[in-house]
Amino acid sequence: MEIWGWVFIGILFLADFVVKIEPFKLGRSQPTERISGSAGDVLEDNPVGRLKVFVYELPSKYSKKILQKDPRCLNHMFAAEIYMHRFLLSSPVRTLNPEEADWFYTPVYTTCDLTPNGLPLPFKSPRMMRSAIQLISSNWPYWNRTEGADHFFLVPHDFGACFHYQEEKAIERGILPLLQRATLVQTFGQRNHVCLKEGSITIPPYAPPQKMQTHLIPDKTPRSIFVYFRGLFYDVGNDPEGGYYARGARAAVWENFKDNPLFDISTEHPTTYYEDMQRAVFCLCPLGWAPWSPRLVEAVIFGCIPVIIADDIVLPFADAIPWEEIGVFVDEKDVPNLDTILTSIPPEVILRKQRLLANPSMKQAMLFPQPAQPGDAFHQVLNGLARKLPHDKSVYFKPGERVLNWTAGPVGDLKPW
Ligand SMILES: *[C@@H]1O[C@H](CO)[C@@H](O)[C@H](O)[C@H]1NC(C)=O
Ligand SMILES: *[C@@H]1O[C@H](CO)[C@@H](O)[C@H](O)[C@H]1NC(C)=O
């Protein structure tokens, strides 16, 4: 304890010298510190001219009407499905001529069905998705050409296109059979999980850019908090036993460190939440029910080194963002040693991570700003799609060839929407 305390003071001392996050001004054009290696360069790719996307025009009941019923959908962590639609409509990569399209996009807001508390219910999503696919496959010839292999869908639910918020049920359901050939753009990312298939694009959850920007504090503010976390440790509503939620990782954080002065952790969400993150060296990002949450986005935006406690997680745009260099990865089983792990990171390593985090292109890639900005999450999705081109010739069917089984999956999903 003695030694850790000493190291802690050392880190704080150094933290004063750190060039703190430059306020992320969306749309600025000042020179940026490039991240060395191919990863950083990829972040600044411009997708325009590298792909053409055709946006299906569907009846408003699949998008606009749903949003009208509950405008809260614009602010929840899965709102990317709505903003991506709006972005594509006015994007220079959009083509009105489907014959020249590389990718086809179907606007269908499957996460916009919220409980009074604002939690999205995925129960209608499979039927809604099926209905949309039925419509595009009967009204246009493009779906049948590949059965979706040149189509992409936004499925930001907890477990992506498995469409259930409980992991067990999600695994039992698996990815909606009709989406098996499509490219899925989703927040859920875990290796070797039935709800993440090969070739999917993992995106950050939506976090409101304007709101975060209004909470920026002066650059020079020292980082006087060592470890910061706000959020649930137990989920008594869904997991009364307390053992399964977040695979026990969050409970272990609480039990081991609730009384440790290096840890500023609590379930209470203060009004100074965003400011606190700017005063912290490390921000915990343990998995939750939704394995992913806006916490990582917030850490990046506020220059707080994310401590990722989520075995096998696939982070957003992992092919473009050097997460290993920015963050700290702690195995779930090592949570009891979190204090030792974090206090033994050399100050120069911390400084380097802080410098990388200060790179505006990193922050930009985490956000879905209105209007869109070069290098933002919209553009990273397009870059991801562009990198998959050209489609392999084998995805195009010969006449009469079929792979998908339209009656596979739970019987309940087959009911019309
Ligand atoms: C696509 O195939 C389905 C049967 O698999 C058929 O019902 C539908 O009419 C086809 N769409 C077009 C546009 O031909
Ligand atoms: C399609 O799926 C249904 C339900 O699982 C199954 O009964 C049927 O045999 C499958 N059809 C084919 C052609 O595999």
(message) Just to be sure I understand, how many residues within segment 367-417 are over 26 Å from the mean Cα position of the chain (by Cα) and away from ligand 2 (no atom under 16 Å from the Cβ)?
(response) 9
(request) Specify which of the listed residues (176, 184, 154) is within 16 Å of ligand 2 (Cβ to nearest atom) and more than 30 Å from residue 343 (Cα to Cα). (result) 176
(request) Being modelled with pLDDT of 95 or more, away from ligand 2 (no atom under 16 Å from the Cβ), within 22 Å of the chain's Cα centre (by Cα) and within 20 Å of residue 407 (Cα to Cα) narrows it down to one of 91, 137, 125, so name that one. (result) 125
(message) Test of understanding: among 99, 81, which residue is among the charged types (D, E, K, R) and free of Cβ contacts under 8 Å to residues at least 40 places away in the same chain?
(response) 99
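Quick check on residue 127: is it in contact (Cβ under 8 Å) with a residue 40 or more places away in the chain, assigned to a helix (DSSP H, G or I) and within 16 Å of ligand 1 (Cβ to nearest atom)?
It is false that residue 127 is in contact (Cβ under 8 Å) with a residue 40 or more places away in the chain, assigned to a helix (DSSP H, G or I) and within 16 Å of ligand 1 (Cβ to nearest atom).
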(message) I'd like the residue in segment 261-284 that is among the aliphatic types (A, V, I, L, M) and over 18 Å from residue 329 (Cα atoms) and, out of all such residues, is surrounded by the most Cβ atoms within 10 Å (Cβ to Cβ).
(response) 277
(request) Please find, among 257, 282, the residue that is more than 22 Å from the chain's Cα centre (by Cα) and at negative phi. (result) 257
(message) Looking only at segment 167-204, filter to residues that are of a type in the set (Lys, Arg) and farther than 16 Å from residue 148 by Cα; which one of those is nearest to ligand 1 (Cβ to nearest atom)?
(response) 173
(message) Being assigned by TED's automatic domain parsing to the domain that holds residue 91 and either within 16 Å of ligand 2 (Cβ to nearest atom) or under 20 Å from residue 187 (Cα atoms) (or both) is the requirement here; does residue 109 meet it?
(response) yes
(request) From the list 389, 315, 404, pick out the single residue that is aliphatic (A, V, I, L, M) and within 16 Å of ligand 1 (Cβ to nearest atom). (result) 404
(message) Tell me the residue from 233, 229 that is of a type outside the set (A, V, I, L, M), in contact with a Phe, Trp or Tyr (Cβ under 7 Å, 6 or more places away or on another chain) and either not assigned by TED's automatic domain parsing to the domain that holds residue 83 or not in a helix (DSSP H, G or I) (or both), please.
(response) 233
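Could you list all residues from segment 340-371 that are more than 20 Å from residue 297 (Cα to Cα), touching a residue at least 40 places away in the same chain (Cβ under 8 Å) and either out of contact with any helix residue (DSSP H, G or I) (no Cβ under 7 Å at 6 or more places or on another chain) or buried (at least 23 other Cβ atoms within 10 Å of the Cβ) (or both)?
If the condition is that a residue be more than 20 Å from residue 297 (Cα to Cα), touching a residue at least 40 places away in the same chain (Cβ under 8 Å) and either out of contact with any helix residue (DSSP H, G or I) (no Cβ under 7 Å at 6 or more places or on another chain) or buried (at least 23 other Cβ atoms within 10 Å of the Cβ) (or both), then 340, 342, 344 are the ones that fit.
The values are calculated or read from the model by the stated rules, or taken from the named source; none is laboratory data. Computed from a prediction, not measured in an experiment: that's the story for all the values here. Positions of Cβ are backbone-derived with ideal geometry, glycine not excepted, and every protein chain shown enters the neighbour counts.
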